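Below is one structure, written out as structure tokens, with a few remarks after it.
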Amino acid sequence: MKKSFQLFVLLSFWVLCPVLGQTSYPILPKPLQLLPKEGTFILPQNPVIAVASTDPVLRCLAEELANKIGSVTGKDTKVFAGNFRVKDGINFVASKDDKLGEEGYFLEITPKRIIITAEQPKGFFYGIQSLLQLMPAEIYGVRRVENIKWSIPCCLIEDRPRYAYRGLMLDAARYFYPVSFIKKYIDLIALHKMNTFHWHLTDDQGWRIEIKKYPKLTQVGSQRRQTMLGHYSDQKYDGKPYGGYYTQDDIREVVRYAQERFVTVIPEIEMPGHALAALAAYPEYGNNPDKIYQVGTKWGVHEDVFAPREETFRFLEGILAEVIDLFPSQYIHIGGDECPKKQWAESRFCQELIKKEGLKDEHELQSYFIRRIDKFITSKGRKMIGWDEILEGGISPNATVMSWQGIEGGVAAAKQRHDAIMTPGNFCYLDHYQADSKTQPIAIGGFTPLEESYSYEPTPSNLTPDEAKHIIGVQGNVWTEYMPTPEYVEYMTFPRACALAEVGWTAKNDKNIDDFKKRLDVHKKRLDHLNVNYFEAPINHKFTYRWPLKK
Ligand code: ACM
């Protein structure tokens, strides 16, 4: 009897310990190493943040943390910068350590003090995110909360990401979202230690970025006559004009805001397909200059695409030159997906060009188109990204591929020693249903529950180690045909983006769905304080895969 009780105690300890551990340290994405320690650091009445560096960016980060702590806890929090250290406060220590890299950090919490060590400001930023996640979730709110104990559990953390590219895309072409929401989206990207916001700015149904050289792009291309009502299959329209665009000042404001949160903004300007809004403004760059084009009102793929004429290249280069000036990102995304070849097949000009350039067919003509654009982008010192269709007809020399039609595009790119970002629909398309469609607001279709997103392994197993180095990261894609409002976007994006953040950050063998879900339960309280309209799985929601899992 006694023995069995001892065994029971031992087993309970064994079972409970990891559970307690997980919820006491609910950091999401899960850090590389976390060693729990005894005790807690209690935020003192007058917390001090000491910055052992003269770097003004670190001082800024410390001041932001102090403002956050001060405004929510009501404690007067001070920053001392310029080689200060304190025995009983929060310390930022800049240090060179091969383990750290650009994004890594160490976080040490003892009952007396906290030390964040990093090499670069970005590492400090991520260390701060982890520190905040170890505080009560109320720290994410805007209201003062004085009646709780501001305690932080002791531990030792060593952390850095698995992949260099961790992104979230937003389609602002199908619907336009205000700058205030774009900033909130960027905040949420940063909260999850993702580092890239891919901004889909142009499509058939709307051109959303001001281009000074071509004002009609927004005067005409940002407005559509009406919008589909209900699902595509209903073939109904609302009869109401819809429009909106970002001015160049808006763009600069967003880019600056993102930089302050260590998020790179990659603009996407679609070509040669998904071009109807641009052609409505400038029909002379289409294949049928006499045609009256109208900004798309139907979802789906339209057959009106750019004509590969010299004038079109000059037009697109004029647009890209302004885009490159606005966005300091290394990457510029040029779309390249879903370009129907019908108009090129029927065009005398295109057929002659195919002959003149010694191309095999319209797929090679697309390749020719993309190569020209790649050359321009490369000449400006930037790198081009395209969806995986840019592999058809031969990949352009400097292109990075975004693999969306499964993983094959990423595999093909990596085998040709091109970088690839993995966004396969089954796992990464956050416009799919996330529960039984009968229980859900309207979505495009598909079925990608949280567990499926979490299960994704971005590096395909059939690559050699050298090829695998070209898989630089993972991204969630939020296409918005069925998301007319920011609240709708939040509902579809979260918490699946939390799962993808962990896919991008956490070591492959450290991922565990049960552990993730426990941390997610705490994380949702943070999202509540941040006023995020995330999806909650219905009670007893059974998770089943509709598709065979592709790995
Ligand atoms: C895509 O989903 N058409 C990239």
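The values are calculated or read from the model by the stated rules, or taken from the named source; none is laboratory data. In this text, all values refer to a predicted model and were calculated from it rather than measured experimentally. With ideal geometry, Cβ positions are generated from the backbone for all residues, glycine too; neighbour counts draw on all protein chains shown.
Table: residues versus (1) within 30 Å of Ile116 (Cα to Cα); (2) out of contact with any His (no Cβ under 9 Å at 6 or more places or on another chain).
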site	(1), (2)
Ile152	yes, yes
Pro161	yes, yes
Leu170	no, no
Phe176	no, yes
Tyr232	no, yes
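Every listed requirement among (1) in contact with a Leu (Cβ under 6 Å, 6 or more places away or on another chain); (2) over 21 Å from Asp325 (Cα atoms) is met by Trp207 save one, (2). The set of residues in the range 33-59 being farther than 17 Å from Pro136 by Cα, part of a strand (DSSP E or B), of a type in the set (A, V, I, L, M, F, W, C) and touching a residue at least 60 places away in the same chain (Cβ under 8 Å) consists of Leu34, Leu35.
Looking across Ile377, Ile370, Ile390, one residue alone is crowded, with 22+ Cβ neighbours inside 10 Å, touching a Ser or Thr at 6+ places or on another chain (Cβ under 7 Å) and within 23 Å of Pro328 (Cα to Cα). It is Ile370. Taking the numbered list (1) surrounded by 19 or more Cβ atoms within 10 Å (Cβ to Cβ); (2) in contact (Cβ under 8 Å) with a residue 60 or more places away in the chain in turn, Ala62 passes all entries but (2).
Being under 19 Å from the mean Cα position of the chain (by Cα), modelled with pLDDT of 95 or more, in a helix (DSSP H, G or I) and among the β-branched types (Val, Ile, Thr) is a property that does not hold for Val532. Entry remark, the range 399-417: residues being more than 14 Å from the ligand (Cβ to nearest atom) and touching a strand residue (DSSP E or B) at 6+ places or on another chain (Cβ under 6 Å) number 4 in total.
Taking Pro215 as the residue in question, decide whether it is out of contact with any Pro (no Cβ under 7 Å at 6 or more places or on another chain), under 30 Å from Thr297 (Cα atoms) and without any contact (Cβ under 8 Å) to a residue 40 or more places away in the chain. Step through it out loud before you land on a result.
Working: out of contact with any Pro (no Cβ under 7 Å at 6 or more places or on another chain): yes; under 30 Å from Thr297 (Cα atoms): yes; without any contact (Cβ under 8 Å) to a residue 40 or more places away in the chain: yes.
Considered against the rule, which asks whether it is out of contact with any Pro (no Cβ under 7 Å at 6 or more places or on another chain), under 30 Å from Thr297 (Cα atoms) and without any contact (Cβ under 8 Å) to a residue 40 or more places away in the chain, Pro215 comes out as yes.
Could you tell me whether the range 146-161 includes any residue that is in a loop (DSSP other than H, G, I, E, B), touching a residue at least 40 places away in the same chain (Cβ under 8 Å) and closer than 30 Å to His333 by Cβ?
yes
Applying the set (1) within 16 Å of the ligand (Cβ to nearest atom); (2) out of contact with any Gly (no Cβ under 9 Å at 6 or more places or on another chain) to Ala275 leaves exactly one unmet item: (2).
Annotation note: of Val72, Val48, Val86, the sole residue that is at pLDDT below 95 and on the phi < 0 side of the Ramachandran plot is Val86.
Pull up the range 76-110, narrow it to residues that are assigned to a loop (DSSP other than H, G, I, E, B), in contact (Cβ under 8 Å) with a residue 40 or more places away in the chain and of a type in the set (Asp, Glu), then point me to the one that is farthest from Pro44 (Cα to Cα). So, considering only residues that are assigned to a loop (DSSP other than H, G, I, E, B), in contact (Cβ under 8 Å) with a residue 40 or more places away in the chain and of a type in the set (Asp, Glu), the one farthest from Pro44 (Cα to Cα) is Glu103.
Here Ile139 clears all of (1) in contact with a Phe, Trp or Tyr (Cβ under 7 Å, 6 or more places away or on another chain); (2) within 20 Å of Asp528 (Cβ to Cβ) except the condition numbered (1). Within the range 177-194, not a single residue is of a type in the set (Asp, Glu), within 30 Å of Ser53 (Cα to Cα) and touching a strand residue (DSSP E or B) at 6+ places or on another chain (Cβ under 6 Å). The residues of the range 242-253 that are crowded, with 22+ Cβ neighbours inside 10 Å and either under 19 Å from the mean Cα position of the chain (by Cα) or without any contact (Cβ under 8 Å) to a residue 12 or more places away in the chain (or both) amount to a single one, Ile251. Scanning the range 284-303 for residues that are more than 16 Å from the ligand (Cβ to nearest atom) and either β-branched (Val, Ile, Thr) or buried (at least 16 other Cβ atoms within 10 Å of the Cβ) (or both) yields a total of 7.
Out of curiosity, is Tyr433 touching a Phe, Trp or Tyr at 6+ places or on another chain (Cβ under 8 Å), at pLDDT 95 or above, surrounded by 22 or more Cβ atoms within 10 Å (Cβ to Cβ) and not charged (D, E, K, R)? Spell out the reasoning first.
On the way: touching a Phe, Trp or Tyr at 6+ places or on another chain (Cβ under 8 Å): yes; at pLDDT 95 or above: yes; surrounded by 22 or more Cβ atoms within 10 Å (Cβ to Cβ): no; not charged (D, E, K, R): yes.
Against the criterion (touching a Phe, Trp or Tyr at 6+ places or on another chain (Cβ under 8 Å), at pLDDT 95 or above, surrounded by 22 or more Cβ atoms within 10 Å (Cβ to Cβ) and not charged (D, E, K, R)), Tyr433 does not qualify.
Taking each residue of the range 454-477 that is within 17 Å of Asp419 (Cβ to Cβ) and looking for partners that are in a loop (DSSP other than H, G, I, E, B) and of a type in the set (Gly, Ala, Ser) with beta-carbon atoms closer than 7 Å, six or more apart or interchain, yields Ile472/Ala164; Gly473/Ala164. Take the conditions (1) over 21 Å from Val301 (Cα atoms); (2) within 16 Å of the ligand (Cβ to nearest atom); Ala321 misses just one of them, which is (2). If you go through the range 280-307 and keep only what is out of contact with any Pro (no Cβ under 7 Å at 6 or more places or on another chain), modelled with pLDDT of 95 or more and over 20 Å from Gln226 (Cβ atoms), you end up with Tyr282, Glu284, Tyr285, Gly286, Asn287, Ala307. Got a number for residues in the range 378-398 being out of contact with any His (no Cβ under 6 Å at 6 or more places or on another chain), more than 16 Å from Gln475 (Cα to Cα) and within 16 Å of the ligand (Cβ to nearest atom)? Qualifying residue count for the region: 4.
When the range 454-488 is filtered for residues that are within 16 Å of the ligand (Cβ to nearest atom) and either surrounded by fewer than 17 Cβ atoms within 10 Å (Cβ to Cβ) or more than 12 Å from Phe427 (Cβ to Cβ) (or both), the ones remaining, listed by number, are Val478, Trp479, Thr480, Glu481, Tyr482, Met483. The set of residues in the range 65-75 being part of a helix (DSSP H, G or I) and in contact (Cβ under 8 Å) with a residue 40 or more places away in the chain consists of Leu65, Lys68, Ile69, Ser71, Val72, Thr73.
Against the test of being in contact with a helix residue (DSSP H, G or I) (Cβ under 6 Å, 6 or more places away or on another chain) and buried (at least 17 other Cβ atoms within 10 Å of the Cβ), the options Val323, Val263 yield a single qualifying residue, Val263.
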